[in-house]
Structure formats: structure tokens, C-alpha cells
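Reading through the C-alpha cells given below for one structure.
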Amino acid sequence: MTKLPARLERKLAELFPRVKERERFVAEVVEKAIENTPMMEVGAPLSIGGTLHLYTDGGSRGNPGQAAIGCLLIDPDTMNVLEEKSERIGIQTNNVAEYRALIEGLKMAESYAPNELMCFLDSELVVKQLNGEYKIRMQSLEPLVEEIRELVLGFKHVTFKHVRRTENMRADSLVNKALDAK
């Protein structure tokens, strides 16, 4: 049986306290989905499982200032970009933008259900906070960290790695593209 993300499991448990009812409901939903889904084309990329790389960046012009995020989900075997996102997020600090970029990136990666998700960020502070090396001193960041922890529960294995800005140029360019857009 496929493992569902933790938040879906909790919601199903609320709706269907009895395990048999919950399993019956899930089976019915899956059967209906299979009946209504056309077969995949031969040669179509399988987007479930494996390892994926997520590059994220957030930035603000001024701190706080006009802020934006950039996320890039890549299949490391083919180096194909599976999805990317670039958007303004209003007036924020650079740290909030970094965390919001990671949140959006994790949401993008969910539908691919990777066995391993490697997240690359050029914010050493955020990486060390998420890896438990640094304490989170700003209370305004706590809800963002909690949201990330909740999202991570839906994946089999997630790592957060710090990279130099030069290794995160594509995500950085998505941030600048959003900030430069009028």
C-alpha cells in the first residue's frame, strides 16, 4: 500500500476513525481515479520516486524590503527542470523570503513523491537552523519552520545542504526575475 503524507493520514483519521472505513474510502477513491485516468503514453517520464534536487532562494531589496522567491525542481539523472516558480511575496526580510522559497519548493516536490529530496540553499543560516545546528531566535520565523517540518513529514527522506551562491544561480535568477518584473 502507498504511504500517504502525514497530514493526509491525520485528516483521514479525523474523518474516518475506524481503520476499515478509512481503508475502504481510500480504495474507492483510488479505483475511481484509475478508471478516470488515461494510461500513460509509452516513453512518458515517470515522475514518482527516485531522487530529486530542489534549489531555492529568497531575497529582498532592502531588509525588510520588496521580496521574492525562486524555486527549481530538477531531476539529477537527466538535469531536466521538472518545475520552477518565481514570484513576489511583498515586503519581507531576506530570511522570511528564504524560508518561504523553501516552503513553496517543498510543495512543488510533493506531487513527485521522491524517495529522496535534496534541498540546496545558499542561506547558511537557514540550513543550520533546519539541521538543528543553530537555534531559531526570531519568533516570527517559528511558524515558517513549523510549516517546513510539517511538509517534510510527507517525504521519505529530505536533506538540507548549503551551497555557495554561484551554485544556486538559477534559483537566484528566478528571484531577480520576479523583483525586476513590473
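Just so you know, all these numbers are worked out from the coordinates, no wet-lab data involved. Remember, it's a predicted structure, so these values are computed and weren't measured experimentally. Using ideal geometry, Cβ is built from the backbone for each residue, glycine included, and neighbour counts are taken over all protein chains shown.
Divide by every residue of the chain the summed helix terms, -39500 (n - 2.57) for each DSSP H run of at least 4, and state the resulting mean residue ellipticity at 222 nm, rounded to the nearest 500 deg cm²/dmol.
Working: 6 runs with 74 residues, N = 182.
That comes out to -12500 deg cm²/dmol.
If you take the C-alpha gyration tensor of the stretch 43-182, multiply each eigenvalue by 5 and take the square root, what semi-axes do you get, largest first, in whole Å?
So the equivalent ellipsoid measures 23, 18, 12 Å along its semi-axes.
Report, in listed order, any pair from K85/K135; K32/K85; K32/K107; K11/K128; K107/K177 with a Cα-Cα distance greater than 23 Å.
K85/K135; K32/K85; K32/K107; K11/K128
Could you list R137, R7 in order of exposure, starting from the residue whose Cβ has the fewest other Cβ atoms within 10 Å? Display every interim value, and only then the final one.
On the way: R137 7, R7 12.
Fewest-to-most ranking of R137, R7: R137, R7.
Could you size up the charge dipole of the chain around its Cα centre, putting +1 on the beta carbon of Lys and Arg and -1 on that of Asp and Glu, and report it in debye to the nearest 20?
Values: 25 positive and 28 negative charges, 101 e Å.
Around 480 debye, computed over the chain.
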